[in-house]
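Input: a single structure, listed below in C-alpha cells.
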Amino acid sequence: KPEVLRNFTFAVSWRTEKSLYRLDVDWPKHPEYFTGTTFCVAVDSLNGLVYIGQRGDNIPKILVFTEDGYFLRAWNYTVDTPHGIFAASTLYEQSIWITDVGSGFFGHTVKKYSSFGDLVQVLGTPGKKGTGLNPLQFDNPAELYVEDTGDIYIVDGDGGLNNRLIKLSQDFMILWLHGENGTGPAKFNIPHSVTLDSAGRVWVADRGNKRIQVFDKDTGEWLGAWNNCFTEEGPSSVRFTPDGKYLIVAQLNLSRLSVVAAPPVGSIGECSVISTIQLADQVLPHLLEVDRKTGAVYVAEIGAKQVQKYVPLNSYVPAFGS
C-alpha cells in the first residue's frame, strides 16, 4: 500500500504547468486585523510596508503591515470607501494615494496621504461625482499609478459616468486623456486598473471590454490591445514583476491570477499565459500589488475578506545546476 501511495504523490507533483509562486501561509501574523472587506493593497518596497484598504462601518479603513506580516498601525481619517491604493515612495517622501468611491463626504476623489494618514492633497470634488475636467471631477475612480517622476495615471471609473484614462503632471495638470465609453481602440468600459512597464508603456485593465489596452506614456498613443486571454471574464488588476518579464493579472469572478508573458519593446502581440494560480471559489481577487524589490504578490480578496501574499519560488530556490 505505501508503494501505491508514493506513486500517486509522484504523479500529482508532475503537473504540466510550472508553478512560479507559493502562498506564504504565515502572512500576515495577525489576520484578525482584517475586520472589513479588503479591496486594495499597496506596497512601499523602499520601506518594506504594506498598506491595505478595507470597507465597513466603524472600522479603520487603512491598515499598515510590515512585509514580514506584523501589524503596525491603522487609520481612518477622511477615507470613505476605498477602491484603489498606491504607495508612491521616494527617498524624500512616503506617500499613499487612495481612490475613494464613497457617496459620503469624502467620495469620488483621488487623495494623497502621508504614511500616518495625514491628508496632503485632494483631486476631484469631495462627495460629488462628475465628468468635468476643469476642475477635474471623478465618478467611482478605480485605481491610479504614480511614476517616480511624480506623473500620475488614473483610471476613472468603476462603473460610473466616466470611462477615462487620465495622465496628470506632478502639479496636477492634464497631460493627455482618453475618455470615451465604447469598444473601439482607446475607448473603455470600466477601466479598472492601470500600471506602467519599464519600456514606457501604460497598461489598462479594460474590464468591461474583457481586454488589456496599451498606450505610450508620453504621447498617450494607443499601441494595441490583448483580448485573447480574457474571453471568460475581463481582467480586474494588472501589475508587472520587478524584472519586467511577466504581467500578473487578476480575474475577479473566476478567482484566478494569471502570469502573462510581457511582450518585447515595440510589439504588443498576443497575450500568452505562462502560469495560473487558481484560488478557491468566491475568494474574488479584486486588486493586487507586486513588491518591486522582492517580487512578492499581494492579493486583496473581497470574497475571502483578506489579503494573501504569494512569494516567487525562484527567489529562494537556486535554479537547477546553478
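Data table
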quantity: Counted residues, segment 95-105 - those being open to solvent by 70 Å² or more (accessible area, probe 1.4 Å) and either under 15 Å from Y77 (Cβ atoms) or touching a residue at least 40 places away in the same chain (Cβ under 8 Å) (or both); calculated: 1
quantity: Within segment 51-74, considering residues that are open to solvent by 30 Å² or more (accessible area, probe 1.4 Å) and among the charged types (D, E, K, R), the one farthest from D26 (Cα to Cα); calculated: D57
quantity: Unmet criterion (only one of (1) open to solvent by 10 Å² or more (accessible area, probe 1.4 Å); (2) at positive phi; (3) in contact with a strand residue (DSSP E or B) (Cβ under 7 Å, 6 or more places away or on another chain)) for G117; calculated: (1)
quantity: Complete set of residues in segment 220-234 that are in contact with a Phe, Trp or Tyr (Cβ under 9 Å, 6 or more places away or on another chain) and either of a type in the set (A, V, I, L, M) or part of a loop (DSSP other than H, G, I, E, B) (or both); calculated: G220, E221, L223
quantity: Residue within segment 75-91 that is out of contact with any strand residue (DSSP E or B) (no Cβ under 9 Å at 6 or more places or on another chain), modelled with pLDDT under 95 and either surrounded by 14 or more Cβ atoms within 10 Å (Cβ to Cβ) or hydroxyl-bearing (S, T, Y) (or both) present; calculated: yes
quantity: G130 vs. criteria surrounded by 15 or more Cβ atoms within 10 Å (Cβ to Cβ) and over 22 Å from the mean Cα position of the chain (by Cα); calculated: yes
quantity: Filter pass, A304 being crowded, with 17+ Cβ neighbours inside 10 Å, of a type in the set (G, A, S) and assigned to a strand (DSSP E or B); calculated: no
quantity: Sole residue being among the small types (G, A, S), without any contact (Cβ under 8 Å) to a residue 24 or more places away in the chain and closer than 30 Å to V260 by Cβ, chosen from G157, G200, G208; calculated: G200
quantity: Residues that are within 22 Å of L144 (Cα to Cα), in contact (Cβ under 8 Å) with a residue 40 or more places away in the chain and touching a helix residue (DSSP H, G or I) at 6+ places or on another chain (Cβ under 8 Å), drawn from segment 20-79; calculated: A74
quantity: Cβ-Cβ under 8 Å pairs, at least 6 apart or on other chains, segment 116-136 side over 24 Å from Y51 (Cβ atoms), far side open to solvent by 80 Å² or more (accessible area, probe 1.4 Å) and not polar (S, T, N, Q); calculated: T125/P135; K129/L161; G130/L161; T131/L161
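The rows are residues; the columns are (1) free of Cβ contacts under 8 Å to residues at least 12 places away in the same chain; (2) within 20 Å of V50 (Cα to Cα); (3) polar (S, T, N, Q).
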{"residue": "G244", "(1), (2), (3)": "no, no, no"}
{"residue": "V249", "(1), (2), (3)": "no, yes, no"}
{"residue": "N253", "(1), (2), (3)": "no, no, yes"}
{"residue": "I274", "(1), (2), (3)": "no, no, no"}
{"residue": "V297", "(1), (2), (3)": "no, yes, no"}
{"residue": "K309", "(1), (2), (3)": "no, yes, no"}
{"residue": "N314", "(1), (2), (3)": "no, no, yes"}
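Per-residue answers, yes or no, for (1) open to solvent by less than 20 Å² (accessible area, probe 1.4 Å); (2) of a type outside the set (F, W, Y); (3) more than 21 Å from G84 (Cβ to Cβ):
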{"site": "N189", "(1), (2), (3)": "no, yes, no"}
{"site": "V194", "(1), (2), (3)": "yes, yes, no"}
{"site": "A199", "(1), (2), (3)": "no, yes, yes"}
{"site": "V202", "(1), (2), (3)": "yes, yes, no"}
{"site": "A205", "(1), (2), (3)": "yes, yes, no"}
{"site": "G208", "(1), (2), (3)": "no, yes, no"}
{"site": "F215", "(1), (2), (3)": "yes, no, no"}
{"site": "G220", "(1), (2), (3)": "yes, yes, no"}
{"site": "L223", "(1), (2), (3)": "no, yes, yes"}
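The values are calculated or read from the model by the stated rules, or taken from the named source; none is laboratory data. Please read all numbers here as calculations on a predicted model, not as lab measurements. When we count neighbours, we look across all protein chains shown, and the Cβ atoms used for this are built from the backbone with ideal geometry, even at glycine. For the accessible areas, the whole protein counts, side chains as well, though only heavy atoms, and no ligand, DNA or RNA atoms are used. Shrake-Rupley method; radii C 1.70, N 1.55, O 1.52, S 1.80 Å.
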